[in-house]
Amino acid sequence: MAKQLEKSSVGSDDLFQKIAHHEQVIFCNDPASGLKAIIAIHDTTLGPALGGTRMYPYESLDEALEDVLRLSEGMTYKCAAADIDFGGGKAVIIGDPKKDKSPALFRAFGQYVQSLNGRFYTGTDMGTTMDDFVHALKETHFINGVPEQYGGSGDSSIPTAQGVIYALQATNQYLFGSDSISGRTYAIQGLGKVGYKVAEQLLAAGAEVYATDIHEDILDSMKDKSAQQGGSLTIVKSDDIYQVEADVFVPCAMGGVINDETIPQLKVKAIAGSANNQLKELHHARALSEKGILYAPDYIVNAGGLIQVADELYGPNKDRVLLKTKGIYRSLLEIFKQAELDCMTTVEAANRKCQQRIEEQRNRNGFFTRGRRPKWMIKE
Ligand SMILES: NC(=O)C1=CN([C@@H]2O[C@H](COP(=O)(O)OP(=O)(O)OC[C@H]3O[C@@H](n4cnc5c(N)ncnc54)[C@H](O)[C@@H]3O)[C@@H](O)[C@H]2O)C=CC1
Ligand SMILES: O=C(O)CCC(=O)C(=O)O
């Protein structure tokens, strides 16, 4: 059973202010299974909302709400940037993924997803795995990224990790004039589904990797891996990762890790990782740029998983997914160059591009349908 949350400080007026930029927020409460979850639908201009479901032992309802609101907004931008006809949504389940999971909990969650009747598609994120969603699949078909034997496209962290590698190549190309990932130093935070695969590829390419995680078993497994396949791996304590002198910091765990406390500690030339919402606040993009650190916007870098789960609707095709994921390289280089040209941060350059696409689609939706329905849902 999920733990008792601290009392929320959010009153009803505050709540509507908090969700003012979101289309819909659904609070899910199923005492029988212990499910406490929030689904947030940010914007469906480009299509139905799509985004993974995170499971995390949030300390308070406010913390969970804050996270899901930011994550779902990020998905709107991620879809826009990757040229995907879906909108932004995300869900969080309040609970410890190591202790509070059960088939009943994921089935209950599946029922809530089904009740939205296709306005929201979901799958894995931090703290959840494909197997969890096999249970949800018994209640709803609006699930993606389940194993191939259940009709899904399989583990979406594979293309996400591959996308991070393309992003690191683009970053190296822009900074050093060569897109090779070998011979460079990386500091990886979080060796989970994505970070572990990124570390494996970097070590195999002969890079120097500093890595951290909060779970000893994961660190032991990474050490064994590097002993088998070679490569230079140094494990550091989780708080020390910010001070590692490296070419690129690769955040692959929680969001908000680029903030007033960590920026002064950083000794890297660039940041490019999979974690969603790496910047605590938007102004931290400016602080990085003033410090001479190149920031690869997270939602461009980590779009590989989204590309795969969105592609699933056309029938799984790994080659098509890989080709589209490769686009992250070009897209990122364009943003770096545009930001330089227009004297803006890389985040401003990326956001501007996304806002343009959403605005154009909003106008088209209004013109052709006098509504906001995505074009592919219109039957007549
Ligand atoms: N799985 C995917 O395909 C995608 C993941 N992302 C984002 O990438 C990040 C990682 O996702 P996954 O690998 O799927 O999650 P995961 O739950 O499999 O792995 C996260 C890892 O980070 C570690 N961790 C947590 N707090 C830490 C800390 N303070 N210091 C060091 N390590 C810490 C955990 O122990 C775990 O091993 C998340 O922010 C997620 O939202 C974004 C797009 C797609
Ligand atoms: O990776 C997935 O399974 C869905 C996409 C998503 O939630 C994300 O990119 O954060």
The answer for T234, listing residues at least 5 apart or on another chain whose modeled amide H is closer than 5 Å to its amide H, is V209, Y210, A211
Please list, by residue number, every one of the GluC sites (Glu not before Pro) in segment 229-290 that is coil in DSSP and has at most 15 other beta-carbon atoms within 10 Å. E261, E281
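For segment 66-112, rounded, prolate or oblate, judged on the Cα gyration tensor with a ≥ b ≥ c (square roots of eigenvalues), a/c < 1.5 rounded, else prolate if a/b > b/c? Can you show the working numbers first?
On the way: a/c = 3.17, a/b = 2.09, b/c = 1.51.
Prolate, because a/c is 1.5 or more and a/b exceeds b/c.
Over the chain, with every protein chain in place, what whole percent of the accessible area is carbon and sulfur at 1.4 Å, could you tell me? Display every interim value, and only then the final one.
On the way: 8670 of 17090 Å².
Carbon and sulfur atoms account for 51 percent of the accessible area of the chain.
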Computed on Cα atoms, the radius of gyration and Dmax of segment 1-143 in angstrom are 14.2, 41
Accessible surface, the chain, averaged per residue in Å² (probe 1.4 Å): 45
Give me the one-decimal nm value for the distance between modelled label points at N363 and N29, 7 Å along each residue's Cα-to-Cβ direction. 4.5
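From Cα pairs below 8 angstrom and at least 6 apart in sequence, can you work out the relative contact order of segment 23-125, rounded to a whole percent?
Details: 209 pairs, mean separation 37.8, N = 103.
Contact order relative to length: 37 percent.
Sequence gap at least 6, Cα distance under 8 Å: using those rules, report the relative contact order of the chain to the nearest whole percent. Show your work: numbers first, answer last.
On the way: 779 pairs, mean separation 57.2, N = 380.
Over the chain, the number comes to 15 percent.
Calculate for the chain the 222 nm mean residue ellipticity that helices alone would give, adding -39,500 (n - 2.57) per DSSP H run of length 4 or more and normalising by residue count, nearest 500 deg cm²/dmol. Provide the component values of the computation, followed by the final result.
Working: 12 runs with 162 residues, N = 380.
Per the formula, -13500 deg cm²/dmol.
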How far apart, in nanometres, would the label points at Y150 and Q265 be if each is projected 7 angstrom from Cα along the Cα-to-Cβ direction? 3.7
May I ask you to compute the full-extension gain from S115 to K280, defined as 0.36 nm times their residue separation minus their alpha-carbon distance, rounded to one decimal in nm? 56.1 nm
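With N set to the residue count of the chain, report its C-alpha Rg divided by 2.2 N^0.38 Å to two decimal places. Before the final figure, lay out each step's value.
Details: Rg = 20.1 Å, N = 380, 2.2 N^0.38 = 21.0 Å.
My calculation over the Cα atoms of the chain gives 0.96.
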Identify, among T45, L219, V92, the residue whose Cα sits farthest towards the positive end of the charge dipole of the chain, taking +1 on the Cβ of Lys and Arg and -1 on the Cβ of Asp and Glu, with the dipole about the Cα centre. T45
Convex hull volume of segment 222-291 per residue (C-alpha atoms, cubic angstrom): 93
Would you mind telling me the antiparallel percentage of the DSSP bridges in the chain, rounded to 5? 30
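Determine by what factor the alpha-carbon radius of gyration of segment 154-310 differs from 2.2 N^0.38 Å, reporting the quotient.
For segment 154-310, the normalised Cα radius of gyration is 0.95.
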For segment 218-350, state what percent of all Cα-Cα pairs lands in each successive 5 Å bin, counting from 0 Å until the bin that includes the largest distance. 2, 9, 16, 18, 17, 16, 13, 7, 2, 0
Non-local residues with an amide H under 5 Å from the amide H of A275, with H modelled 1.01 Å from N and Pro and chain starts lacking one, are C252, A253
What list of ³J(HN,Hα) values in whole Hz, one per residue of segment 61-73 in order, does the Karplus curve 6.51 cos²θ - 1.76 cosθ + 1.60 (θ = phi - 60°) give from phi, with Gly and Pro shown as x? 5, 4, 5, 5, 5, 4, 5, 5, 5, 5, 5, 5, 5
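Please give the length that would be gained between D217 and L323 if that part of the chain were fully extended, namely 0.36 nm times their separation in residues minus their C-alpha to C-alpha distance (nm, one decimal).
Details: separation 106, 0.36 × 106 = 38.16 nm, distance 3.41 nm.
Full extension of this stretch gives 34.8 nm more.
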Step through the residues of segment 346-357 one at a time and calculate ³J(HN,Hα) from phi using the Karplus curve (6.51 cos²θ - 1.76 cosθ + 1.60, θ = phi - 60°), rounding each to whole Hz and writing x for Gly and Pro. 5, 5, 4, 5, 5, 4, 4, 4, 5, 4, 4, 5
Total charge dipole magnitude, the chain, about the Cα centre, Cβ charges on Lys, Arg, Asp, Glu only, Debye to nearest 20: 1060
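Expected output is a single nm value to one decimal: the length gained when fully extending between S238 and D13, i.e. 0.36 nm times separation in residues minus the C-alpha distance. What is it?
On the way: separation 225, 0.36 × 225 = 81.00 nm, distance 3.87 nm.
Using 0.36 nm per residue and subtracting the Cα-Cα distance, I get 77.1 nm.
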Karplus-derived 3J(HN,Hα), 6.51/-1.76/1.60, for each residue of segment 49-59, Hz, glycine and proline x: 5, 9, x, x, 10, 9, 10, 7, x, 4, 6
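The values are calculated or read from the model by the stated rules, or taken from the named source; none is laboratory data. This is a predicted model, so every value here is computed, not measured. Note that each Cβ is placed from the backbone with ideal geometry, even for glycine, and that neighbours are counted across all protein chains shown. Surface areas here come from the heavy atoms of the whole protein model, side chains and all, with no ligands, DNA or RNA. Shrake-Rupley method; radii C 1.70, N 1.55, O 1.52, S 1.80 Å.
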